[in-house]
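Written below as structure tokens is the structure these notes are about.
Every read-out reported here was derived from the displayed coordinates using simple, explicitly stated rules and does not represent laboratory data. Small disclaimer: the values here were computed from a predicted structure and weren't measured. Here the Cβ positions follow ideal geometry from the backbone for every residue, glycine too, while neighbour counts run over all protein chains shown.
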Amino acid sequence: MHPAVISRLAPTPSGFLHLGNAFNFLLTWLLVDYMDGHLLLRIDDLDAPRVETAFVEDIFVQLEWLGISYDSGPSGPDELLSKYSQRLRKEHYFETIELLRKSGHLYACQCSRAEIRKLTTTGIYPGTCRRNKYPLENNDQAWRVQVPEQTLVSYSSFSKKIKTINVTQNMGDFIIKRRDGLPAYQLASLVDDLDAGVTLVVRGQDLRTSTAAQLYLAKCLNEKKFPASRFVHHNLIKNDSGQKLSKSKNSFSLQMLQKKYRTPTWIYQETAKRLKLPFHEILILKDLKEVFKIHMDLKPDFLSVLD
């Protein structure tokens with residue numbers, strides 16, 4: 001029987017995994033395990049210049065250390081490159097971009113990042129190139145999706161509350177093909193989720209805008225299943241200065257925590273604390289799973305913290 005719940009772990013190998021990644025992985029694993037769903041590992045390695053072998057290897061090392069299993073996906077770096085890499089799927093991404101081009105959703109943009117920073121203080125692209133109508137065939141330009149004014153998308157939270165995001169205000173006309181010719185993250189992520197039949201997306205609050213962009217893209221593609229998914233946007237783990245953890249700064253890296261604590265017990269307890277679960281008796285992953293299950297059975301509203 002095909003599982004009703006399909007979710008994914010989708011790390012980007014642009015740095016060593018940190019505590020925030022571990023929390024996301026554990027929460028996703030707990031939810032999928034409780035609902036007897038299917039969990040797949042997808043490594044977002046499309047951006048080749050940022051990908052290093054050590055970062056890819058770290059993903060598999062830390063998943064094993066945390067005790068997180070998954071039902072499908074690469075078993076290691078070699079299988080990733082030979083069978084699962086996003087770079088093997090580029091033509092499929094371009095086919096989807098072509099559908100959007102033919103339906104009139106795209107326009108070419110020649111603005112550099114420096115120019116955009118001068119044009120706006122919000123970081124939202126103001127649509128400067130919309131009216132220029134540059135030929136899409138030109139090189140060295142990005143392709144953007146035109147987002148009409150006051151475009152709203154809605155999604156269902158884990159507790160099935162309906163949430164609405166203003167795509168225009170939060171994303172503006174976002175890029176789906178970069179100036180270097182690569183498909184952009186929003187496009188690749190959506191296509192992968194569509195192909196995998198994902199019905200549960202677990203991500204940080206900072207990616208709520210990505211949810212908006214991908215829901216709008218799904219609408220443009222007349223895709224119905226992805227918008228019917230449930231979305232969890234959890235709080236971010238921050239450092240002592242109140243900044244979100246960053247791979248580029250090696251913040252609370254799992255490598256460092258593994259050397260410090262030897263076992264993942266501290267991470268399991270931190271995960272429980274952030275979910276407002278009792279944590280003192282948690283020593284191994286099975287303990288965390290049991291505590292989570294008990295509260296899901298008896299007090300399912302405790303996950304309102306994820307709304």
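Points worth noting:
- Span from the the range 34-55 Cα centroid across to the the range 164-205 one, whole angstrom: 15
- No Cys partner within the rule (Cβ under 4.7 Å), the chain: Cys111, Cys220
- Of the trypsin sites (Lys or Arg not before Pro) found in the range 134-171, the ones in coil according to DSSP and having at most 12 other Cβ atoms within 10 Å of their Cβ are Lys160, Lys161.
- Global form of the range 1-95, assessed from the alpha-carbon gyration tensor, a/c cut-off 1.5: oblate
- Annotation: lysines with alpha-carbon distance below 23 angstrom to Lys259 (same-chain offsets under eight excluded): Lys238, Lys244, Lys247, Lys249, Lys273, Lys286.
- Taking a ≥ b ≥ c as the square roots of the eigenvalues of the Cα gyration tensor, the range 67-186 is oblate, since a/c reaches 1.5 or more and a/b is not larger than b/c.
- Residues whose amide H falls under 5 Å from that of Arg8, counting only those 5 or more places apart or on a different chain, are Leu40, Val202, with hydrogens built in the peptide plane.
- Positive dipole terminus of the range 112-211, leading residue within Gly181, Leu194, Met171 (C-beta point charges): Met171
- Across all directions, the shadow cast by the convex hull of the range 197-244 built on its C-alpha atoms averages 3.4 square nanometres.
- Shape summary: the range 166-307 maps onto an equivalent ellipsoid whose semi-axes, from the alpha-carbon gyration tensor, are 32, 21, 14 Å in decreasing order.
- For the chain, Kirkwood radius (reciprocal of mean inverse C-alpha pair distance, Å): 20.6
- Simple Cβ-charge dipole of the range 122-266, Lys/Arg +1 and Asp/Glu -1, about Cα centre, in debye nearest 20: 520
- Shape of the range 40-100, Cα gyration tensor, a/c cut at 1.5: prolate
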